[in-house]
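Notes follow the structure.
The values are calculated or read from the model by the stated rules, or taken from the named source; none is laboratory data. Keep in mind that this is a model prediction, so the values were computed, not measured. So basically every Cβ, Gly included, is an ideal-geometry build from the backbone, and we count neighbours across all protein chains shown. We work out accessible area using only protein heavy atoms, side chains counted, and drop any ligands, DNA or RNA first. Shrake-Rupley method; radii C 1.70, N 1.55, O 1.52, S 1.80 Å.
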Amino acid sequence: QVQLAESGGGLVQAGGSLRLSCAASGRTLNLRAMGWFRQAPGKTREFVAGNKWNGGPTNYADSVKGRFTFSRDNARNTVYLQMNSLKPEDTAVYYCAGGPNNLYTYWGQGTQVTVSS
């Protein structure tokens with residue numbers, strides 16, 4: 001009984017910034033791994049950023065290293081994705097995911113990020 005809800009997506013010009021938020025509710029003690037994925041039209045879902053346990057190392061896709069920052073606010077049961085220097089190729093639906101036992105088993109509904117050139 002875990003729910004994830006993303007927010008913060010929108011339309012931004014290339015070079016701009018957005019911060020995505022993911023609020024977790026329900027049995028949040030079941031959440032250990034938390035991360036962000038994205039899927040562009042006609043493409044497969046890809047991992048963007050996240051970690052497998054609280055306090056563990058954060059992993060980033062090579063395409064976003066140095067531009068995106070993943071963080072967890074455990075007191076608020078919220079995770080964030082700060083996205084800077086956005087590029088048109090970052091355009092996608094971004095999904096928040098989490099789960100127990102180092103598995104991504106819970107998913108949010110997604111939030112659209114569109115970057116114009």
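Tabulated results
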item	result
Residue satisfying all of: in the range 38-80; open to solvent by less than 20 Å² (accessible area, probe 1.4 Å) and in contact with a Lys or Arg (Cβ under 6 Å, 6 or more places away or on another chain); nearest to THR114 (Cα to Cα) among these	VAL48
Condition met for GLY16 (out of contact with any Gly (no Cβ under 8 Å at 6 or more places or on another chain), open to solvent by 50 Å² or more (accessible area, probe 1.4 Å) and either outside any strand (DSSP E or B) or modelled with pLDDT under 95 (or both))	no
Residue check for ALA92: within 24 Å of GLY16 (Cβ to Cβ), within 13 Å of the chain's Cα centre (by Cα) and crowded, with 20+ Cβ neighbours inside 10 Å	yes
Residue satisfying all of: in the range 95-117; outside any loop (DSSP other than H, G, I, E, B) and in contact with a Pro (Cβ under 8 Å, 6 or more places away or on another chain); surrounded by the most Cβ atoms within 10 Å (Cβ to Cβ) among these	VAL115
Subset of the range 17-50 that is of a type in the set (Lys, Arg) and more than 16 Å from TYR104 (Cα to Cα) - its residue that is nearest to the chain's Cα centre (by Cα)	ARG19
Residues within the range 65-89 that are in a loop (DSSP other than H, G, I, E, B) and within 17 Å of SER21 (Cβ to Cβ), tallied	3
Qualifying positions in the range 74-86 - farther than 18 Å from GLY15 by Cβ and modelled with pLDDT of 95 or more	THR78, VAL79, TYR80
Criterion violated by ALA49 - all others in (1) farther than 16 Å from LYS87 by Cα; (2) part of a loop (DSSP other than H, G, I, E, B) satisfied	(2)
Among the candidates GLU89, GLU6, residue that is among the acidic types (Asp, Glu), touching a Leu at 6+ places or on another chain (Cβ under 8 Å) and at pLDDT 95 or above	GLU6
